[in-house]
Structure formats: C-alpha cells, structure tokens
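Structure first, commentary second.
The values are calculated or read from the model by the stated rules, or taken from the named source; none is laboratory data. Since we're looking at a predicted model, the values are computed, not measured. Every residue, glycine as well, gets a Cβ built from its backbone with ideal geometry; the counts of neighbours run over all protein chains shown.
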Amino acid sequence: RKRTVVLISGRGSNMAALIEAASDTSYPAEIVGVISDQPEARGLRVAAARGIPTRTIVRSDYASKAHHDAAIDAALNGFNAEIVALAGYMRLLTAGFAEKWAGRMINIHPSLLPSFKGLEPHRRALEAGVKVHGCTVHFVTPEMDDGPIIAQAAVPVLAGDDEASLVARILKAEHPLYVLALKMLAEGKVAMEDGKVRFSAGTGLVENA
Ligand code: GAR
C-alpha cells in the first residue's frame, strides 16, 4: 500500500474521508501521517483520534516560504511518504516543492477546473450564475489549482442556493471523488507524463489531448 501523507489547514473532512477509506486494508493507499500549517486545524484532532501521527509546521516559524516547504518536505521524508494528498491545504507551494513531488502529489478543489481557481469558488460560481458546479482532483503543478485533471464530479446549482448550501452539496461529492482519485493513483492506474494525465489501458478515461 502506498504511504500517503495528507496536508491540511482546517476542518479536514476530505482527510477524514481518505482515512476512513484507507482503514480498509484492501484500499491501495495507507494514510501514514497528517501535516497541518495551522496549529488549531480541527483536522489535527480528527486524525489523532484515528491514531494517525500528526505534525504542525507553521509558516511563521520559518524565514521564507522555501524554508517552510523544506520543513514540510523533511517531514514527508520522515514519514517515508510516497504520495502527498492536499486536502484543504490553503497555501501555495513553492515551484521547487511542487516539482519535487510532481506526479506524486494531488489536490482537491471545489470547482470544475479550470473554472473558479483560487479562493471562494462557490461564491464566485453563484455570482456567475452557473447551473453546474462541482469539484476536481488534479496533479499539483507550480501554478495554483492547475495541473492535469484526474477526476471531476458535477453538482447542480439549485434555485435558492446560497454559499452554505452549495458548499455542503459539493463537499458531499468531494469525499468519494478524492477516495476514487487517490485509489487510482496508488494502484498506478493514473500517472502524470510530460505534464499530462495518462490512464492505464482499459480505464477508458479522458486524457489531455
Ligand atoms: C474543500 O472544499 C476543498 O476542496 C477546499 O477546501 C475545503 C477543505 O475542506 N480546497 C481548496 O479550496 C483548495 N484550493 P476540508 O478541510 O473539510 O477537507
């Protein structure tokens, strides 16, 4: 099973979904650690309660973003991580870090990328009046919420939705999507090659042109 570390900044509901899926030993990834940049992140307590080792690595303890990322990299190596899953990690990673983990690091974002990258995607989707919103799991590249798309789930925007109702509907779609995408990566069914997503033969999934 692929040794996977989850990076969080807050609630950790996607992290909890991955921990839950990986508690089944037939799942091809195991969650061996959780790293947070926020000491108060609720996800840290959730992980600890499930017996998962946690580390808090705070940006202000380091002279630069590069030093902070180097400390995270060292912690990942300490966990012997093979895969990194960003789950509500709300900090842009340095290009060097992203390149080092290229093809082995994935992220979930609550929009149908490449629409609505960045902060408050739900609010901006409501403002734009889109009728379909959703979530995306993608390989991490140096640009924010960019990188080859592994999987997406579409969710309807309904009359009367506000940000909270849309957030909740999308979050429900995020959890199984992330479990699926990590499974595919851990079993080698998806890879990043030349900056594009490649699926193994027989999956029949859509690749970058
Ligand atoms: C999730 O909706 C995730 O997609 C989003 O933050 C939330 C974290 O919730 N991530 C981003 O916006 C990344 N750009 P969680 O801590 O309960 O998983």
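Odds and ends about this structure:
- Complete set of residues in the stretch 1-41 that are of a type in the set (Ser, Thr, Tyr) and touching a residue at least 12 places away in the same chain (Cβ under 8 Å): Thr4, Ser9, Ser13, Ser23, Thr25, Tyr27, Ser36
- Residues satisfying the stated conditions in the stretch 76-100, i.e. in contact with a Ser or Thr (Cβ under 8 Å, 6 or more places away or on another chain), more than 11 Å from the ligand (Cβ to nearest atom) and not hydrophobic (A, V, I, L, M, F, W, C): Glu82
- Residue match in the stretch 135-149 (condition: surrounded by 15 or more Cβ atoms within 10 Å (Cβ to Cβ) and of a type in the set (S, T, N, Q)): yes
- Considering only residues in the stretch 1-49 that are in contact with an Asp or Glu (Cβ under 6 Å, 6 or more places away or on another chain) and away from the ligand (no atom under 16 Å from the Cβ), the one that is nearest to Ala181 (Cα to Cα) turns out to be Pro28.
- Test: residue in the stretch 112-134 that is of a type in the set (S, T, N, Q), in a strand (DSSP E or B) and either within 14 Å of the ligand (Cβ to nearest atom) or closer than 18 Å to Gly88 by Cβ (or both): no
- The lone criterion from (1) under 28 Å from Ser26 (Cβ atoms); (2) modelled with pLDDT under 95; (3) of a type in the set (A, V, I, L, M, F, W, C) left unmet by Met144 is number (1).
- Residues in the stretch 21-31 include none that are buried (at least 22 other Cβ atoms within 10 Å of the Cβ), within 18 Å of Leu92 (Cα to Cα) and of a type in the set (Val, Ile, Thr).
- Taken over the stretch 107-119, the criterion of being in contact with a helix residue (DSSP H, G or I) (Cβ under 8 Å, 6 or more places away or on another chain) and either aromatic (Phe, Trp, Tyr) or on the phi > 0 side of the Ramachandran plot (or both) is satisfied by Phe116 alone.
- Long-range neighbours under 7 Å by Cβ, at least six apart or interchain, first residue within 17 Å of Leu93 (Cα to Cα) within the stretch 143-158, second assigned to a loop (DSSP other than H, G, I, E, B) and away from the ligand (no atom under 14 Å from the Cβ): Pro148/Gly195; Pro148/Asn208
- Odd one out for Ala70 among (1) over 13 Å from the mean Cα position of the chain (by Cα); (2) aliphatic (A, V, I, L, M); (3) crowded, with 19+ Cβ neighbours inside 10 Å: (3)
- Per-region count, the stretch 181-209, residues surrounded by fewer than 15 Cβ atoms within 10 Å (Cβ to Cβ), modelled with pLDDT of 95 or more and within 26 Å of Pro156 (Cβ to Cβ): 0
- Residues of the stretch 57-67 include none that is out of contact with any Ser or Thr (no Cβ under 8 Å at 6 or more places or on another chain), without any contact (Cβ under 8 Å) to a residue 24 or more places away in the chain, of a type in the set (D, E, K, R) and within 14 Å of the ligand (Cβ to nearest atom).
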